[in-house]
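Structure, as structure tokens:
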Amino acid sequence: MKIDVVSIFPEYLAGLQLSLIGKAVDQGLLHMNVHDLRDFTFDRHNTVDDSPYGGGAGMVMKAEPWALALEHILGGESLGTTVDEQTVTGNSVDAESDAAVKPILIVPSPAGPVFNQRIAEELSGAEHLIFACGRYEGIDQRVIDWSADHFDLRPMSIGDYVLNGGEVASMVMIEAVSRLIPGVIGNPESLTEESHEDGLLEYPIYTKPSSWRDREVPEILLSGNHGAIARWRRDRRLERTAEVRPDLLAELPSLDKHDRAVVE
Ligand code: ADE
């Protein structure tokens, strides 16, 4: 997967060079480029913002530097690539072959739909993600509208609160998406029983010693009875979800009799 990030604070994204994401980049599983929006300005002060038409507090990011940055990112890419060229298998071509594959442009914004694990899974299958990190009051709407002709435009919020810019939100989404790319997490089983993977929160976990400050590890986990342990863990997931996030429970398709008894 290719990830491009545009920001006036490219240093913010340095944290992505660490840990598993950094390793995925070193291994070539992920190609990450961070671009400084000010490189696409031509005045002495590298101006990226101006006052809002119609008045109001704060500044607005100018359209042209964004258009130039996004065009630069597309530079190496043939905009005309279609699904047929990518999914021809033998002589048969995918039925939906006419649709052009546009890179996904994610614009972090508290005004977007809220990012979640399902969206992370969907995005983890993409070839090219671009994150446009706005600052100030936001980006001139005309370049957002313009970008929809060239990109699969996805405004995206990471929650119902306001950050100072899109950098931290982009890092959150990049981490959530890239850990789902095959090979990024060493043991893929780590991905199967974690919170939100199947709509339930994860079960409590313990490690040695079995007794710590008079607190014991639940006995069943020492029993070696894998069936009983699996049941115990599912029960704890159900209990925890019912207590902390009843909204998630309500979204689950249907619970069997045992599951229902646990959450009621
Ligand atoms: N920019 C400012 N606040 C944000 C949020 N909650 N999510 C995504 N981007 C943002």
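Just so you know, all these numbers are worked out from the coordinates, no wet-lab data involved. This structure is a prediction, so every number in the text was calculated from the model and none was measured. Because the Cβ atoms are built from the backbone with ideal geometry, glycine has one as well, and the counts that use them run over all protein chains shown.
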Legend entry - In order through region 250-264: 3J(HN,Hα) via Karplus (6.51 cos²θ - 1.76 cosθ + 1.60), integer Hz, x for Gly, Pro: 5, 8, 5, x, 7, 9, 7, 4, 4, 4, 4, 5, 5, 8, 8
Inset, instruction - Amide H neighbours of Ser195 under 5 Å, at least 5 residues apart or on other chains, H built in the peptide plane: list them. - result: Glu202
Legend entry - the chain - charge dipole about Cα centre, Lys and Arg +1 at Cβ, Asp and Glu -1, debye rounded to 20: 920 debye
Legend entry - Helix-derived mean residue ellipticity, 222 nm - over the chain, DSSP H n ≥ 4, -39500 (n - 2.57), to 500: -9000 deg cm²/dmol
Inset, instruction - Kindly work out what percent of the DSSP beta bridges joining two residues of the chain are antiparallel, to the nearest 5. - result: 20 percent
Legend entry - Förster radius 30 Å - calculated FRET efficiency between Ala57 and Ala242, Cβ distance, rounded to 0.05: 0.10
Legend entry - Pairwise FRET efficiency - Asn33 versus Asn187, Cβ, R0 = 35 Å, nearest 0.05: 0.75
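Going by how many other Cβ atoms sit within 10 Å of their own, how do Met173, Met32, Met59 line up, fewest first? Numbers along the way, then the final one.
Details: Met173 23, Met32 19, Met59 16.
Ordered by Cβ neighbours within 10 Å, fewest first: Met59, Met32, Met173.
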Inset, instruction - Could you work out the local net charge near Pro10, counting Lys and Arg as +1, Asp and Glu as -1, over the other residues with Cβ closer than 10 Å to its Cβ? - result: -3
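Taking neighbour counts of Cβ atoms within 10 Å as a proxy for exposure, in what order, fewest first, do Glu216, Glu193 appear? Before the final figure, lay out each step's value.
Details: Glu216 11, Glu193 16.
Listed from fewest to most nearby Cβ atoms, that is Glu216, Glu193.
Let a ≥ b ≥ c be the square roots of the eigenvalues of the Cα gyration tensor of the chain; is it rounded (a/c under 1.5), or, if not, prolate (a/b larger than b/c) or oblate? Intermediate results must be reported in sequence, preceding the final value.
Details: a/c = 2.15, a/b = 1.73, b/c = 1.24.
Prolate shape, in that a/c is at least 1.5 and a/b is the bigger ratio.
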Legend entry - Taking Arg233, Arg135 and counting other C-beta atoms within 10 Å, the order from fewest to most: Arg233, Arg135
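Which length gain, in nm to one decimal place, applies between Leu68 and Leu255 when the Cα-Cα distance is subtracted from 0.36 nm times their residue separation? Walk me through the numbers before you get to the answer.
Values: separation 187, 0.36 × 187 = 67.32 nm, distance 5.16 nm.
Value of the extension gain: 62.2 nm.
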Inset, instruction - Starting from the Cα-Cα distance between Ala14 and Arg231, subtract it from 0.36 nm times their residue separation and give me the gain in nm to one decimal. - result: 73.9 nm
Legend entry - Three-way shape call for region 180-229 based on the alpha-carbon gyration tensor, with the a/c threshold at 1.5: prolate
Inset, instruction - Calculate, for Ala111 and Asp149, the FRET efficiency according to 1/(1 + (r/R0)^6) with r their C-beta to C-beta distance and R0 22 Å; round to the nearest 0.05. - result: 0.60
Inset, instruction - Using the Karplus curve 6.51 cos²θ - 1.76 cosθ + 1.60 with θ = phi - 60°, work out ³J(HN,Hα) for each residue of region 47-56 in order, rounded to whole Hz, and write x for Gly and Pro. - result: 6, 10, 9, 7, 6, x, 4, x, x, x
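When Lys and Arg each count +1 and Asp and Glu each count -1, what net charge do the other residues less than 11 Å away from Pro52, Cβ to Cβ, add up to?
Numbers: positive: none; negative: Asp49, Asp50, Glu137, Asp140.
Net charge in that neighbourhood comes out at -4.
Provide the net charge surrounding Met61, with neighbours chosen by a C-beta distance below 9 Å and charges set as Lys +1, Arg +1, Asp -1, Glu -1. Provide the component values of the computation, followed by the final result.
Numbers: positive: Lys62, Arg135; negative: Asp49, Asp50, Glu137, Asp140.
Neighbourhood net charge equals -2.
Going by the alpha-carbon gyration tensor, a ≥ b ≥ c the square roots of its eigenvalues, is region 38-77 rounded (a/c under 1.5) or, if a/c is not under 1.5, prolate (a/b greater than b/c) versus oblate?
Values: a/c = 4.20, a/b = 1.93, b/c = 2.17.
The shape class here is oblate.
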Legend entry - Built amide H within the under 5 Å cut-off of Leu153, gap 5+: Leu105
